[in-house]
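Here the structure is laid out as structure tokens; the discussion comes afterwards.
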Amino acid sequence: DAGVYSKAWYAATCDRKTAEDALYRSNKDGSFLIRKSSGQDSRQPYTLVVFYNRRVYNIPIRFIESTRQYALGREKSGEERFDSVAEIVENHQRTSLVLIDSQNNTKDSTKLKHIVRVS
């Protein structure tokens, strides 16, 4: 259990478009939710969706089989690993999350501030 069930920020049955639409409607920097990843891959079970600076970022949450931990984005050396998805959220409510825009090759950062519920 990744610690996602019954959490306000977990939108279990939400697809990418629905999640992005909900965040655009919120229009608040730091708005976020977590959804199941579209690919249904056990190594990347969830996606963190964050709104910042009028953009929506979809950040994959990876499951690391060997350590049974979770990490954000692509694998990198010295990456932060967490025992649950809930720990990732709690951590980034306190410390900034780096947002990488691969199209414009820019970096921003924000904390997870506003939970968005998908209706």
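Numbers at a glance
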{"read-out": "Anchor LYS7: aspartates and glutamates whose Cα lies under 15 Å away (excluding residues fewer than 8 positions away in-chain)", "value": "GLU87, GLU90"}
{"read-out": "Candidate aspartates and glutamates - alpha carbon under 13 Å from LYS17, same-chain residues fewer than 8 apart omitted", "value": "none"}
{"read-out": "HN-Hα J in Hz across the range 19-29 - Karplus 6.51, -1.76, 1.60, θ = phi - 60°, x for Gly and Pro", "value": "4, 5, 4, 5, 6, 4, 5, 5, 6, 10, 4"}
{"read-out": "Accessible-area order (highest first, 1.4 angstrom probe) of the listed residues GLU20, GLU80", "value": "GLU80, GLU20"}
{"read-out": "Gain in span if fully extended, ARG16 to GLN93, counting 0.36 nm per residue against the direct Cα distance", "value": "25.5 nm"}
{"read-out": "The range 1-71: C-alpha gyration tensor shape, a/c 1.5 cut-off, then a/b vs b/c", "value": "prolate"}
{"read-out": "Rounded, prolate or oblate (a/c below 1.5 giving rounded, otherwise prolate when a/b exceeds b/c) for the range 51-119 by Cα gyration tensor", "value": "oblate"}
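The values are calculated or read from the model by the stated rules, or taken from the named source; none is laboratory data. A quick note: this is a predicted structure, and the numbers were derived from the prediction, not measured. For the accessible areas, the whole protein counts, side chains as well, though only heavy atoms, and no ligand, DNA or RNA atoms are used. Shrake-Rupley method; radii C 1.70, N 1.55, O 1.52, S 1.80 Å.
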